Amino acid sequence: MAFTIRRGEQQFGPYALNQVREFFADGRLLPTDLAWEDGESAWQPVSALVGELAPPPPPPLSSPPPPRAGSTIGINPIIRGYADEPERYQKVFRKFDENGGKRLITFNIFSFLFGVLWYFYKGIWKKGFSYLVAAVMLCFFVDAWLVPLIITFICTIEGNYDYYLLKTQGKDWWW
């Protein structure tokens, strides 16, 4: 059995039933999220799959179409989250969550030490490359010895938030 999960307009999956139960048990899925089983004709609440009693979800404005083939989205904020990250990142990411997902000034020792290379290592390619291009461009306008300081400062205070956006929203760019 393969299930596709739907929250709002986003679809994720397919996932096996045991994965859906695990995600529901640890809170990554809500009782009001919808699930569609391959071969079925209608969406059903996730809570019905796992046998939990929960209030029925509000009726959809229109019946959503069955999921598209291969509808898995890159990094899934519902399923993926950041539970597999080291505790130092989880602590900082929880602060961002408590702040409504908004930017806070934080310090990232690894992005301080390695700068743009840390961005590449963590998979934040677009921003890392942008910072690298900005560094080259800055060399034309300021003394060359200032450029590494400026880029290192930006990477240090932005690194945690950029990584948070990648892990929770799949964003490796500013928009």
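Just to be sure I understand the filter: pairs with C-beta atoms under 6 Å, separated by 6 or more residues or on different chains, first member in region 117-129 and in contact (Cβ under 8 Å) with a residue 24 or more places away in the chain, second member part of a helix (DSSP H, G or I) and polar (S, T, N, Q). Which pairs pass?
That search, which allows pairs on different chains as well, returns W118/S111.
Only one of F120, F96, F114 is touching a helix residue (DSSP H, G or I) at 6+ places or on another chain (Cβ under 9 Å) and under 30 Å from R6 (Cβ atoms). Can you tell me which? Break it down into steps so the answer makes sense when it comes.
Values: F120 fails: under 30 Å from R6 (Cβ atoms); F114 fails: under 30 Å from R6 (Cβ atoms).
Result: F96 is the single residue among F120, F96, F114 that is touching a helix residue (DSSP H, G or I) at 6+ places or on another chain (Cβ under 9 Å) and under 30 Å from R6 (Cβ atoms).
Name the residue that is farthest from S47 (Cα to Cα), counting only residues in region 7-22 that are buried (at least 21 other Cβ atoms within 10 Å of the Cβ) and of a type in the set (A, V, I, L, M, F, W, C).
Going through the qualifying residues, I end up with F12.
Take the residues in region 31-51 that are assigned to a loop (DSSP other than H, G, I, E, B) and touching a helix residue (DSSP H, G or I) at 6+ places or on another chain (Cβ under 7 Å), then tell me which one is modelled with the highest pLDDT.
Taking region 31-51 first, the residues assigned to a loop (DSSP other than H, G, I, E, B) are 31-33, 38-43, 51.
Next, only the ones that are touching a helix residue (DSSP H, G or I) at 6+ places or on another chain (Cβ under 7 Å) stay: 31, 33.
On the way: P31: 80, D33: 86.
Selected residue: D33.
I'd like the full set of residues that are within 30 Å of D33 (Cβ to Cβ), free of Cβ contacts under 8 Å to residues at least 60 places away in the same chain and not polar (S, T, N, Q), limited to region 98-116.
Within region 98-116, E98, G100, K102, R103, L104 qualify.
Only one residue in A134, A144 is small (G, A, S), out of contact with any strand residue (DSSP E or B) (no Cβ under 8 Å at 6 or more places or on another chain) and in a helix (DSSP H, G or I). Which one?
None of the other options fit; the residue is A134.
Report, ordered by the first and then the second residue, all pairs with beta carbons closer than 6 Å, sequence separation of six or more or different chains, a first member in region 139-164 that is of a type in the set (K, R), and a second member that is modelled with pLDDT of 85 or more.
Correct list of pairs: empty, since none qualify.
Those residues that are aromatic (F, W, Y) and buried (at least 16 other Cβ atoms within 10 Å of the Cβ), I need them from region 124-156; list them, please.
Y131
The values are calculated or read from the model by the stated rules, or taken from the named source; none is laboratory data. Quantities reported herein were computed from a predicted structural model and do not represent experimental measurements. Cβ atoms come from the backbone with ideal geometry, glycine included; neighbour counts cover every protein chain shown.
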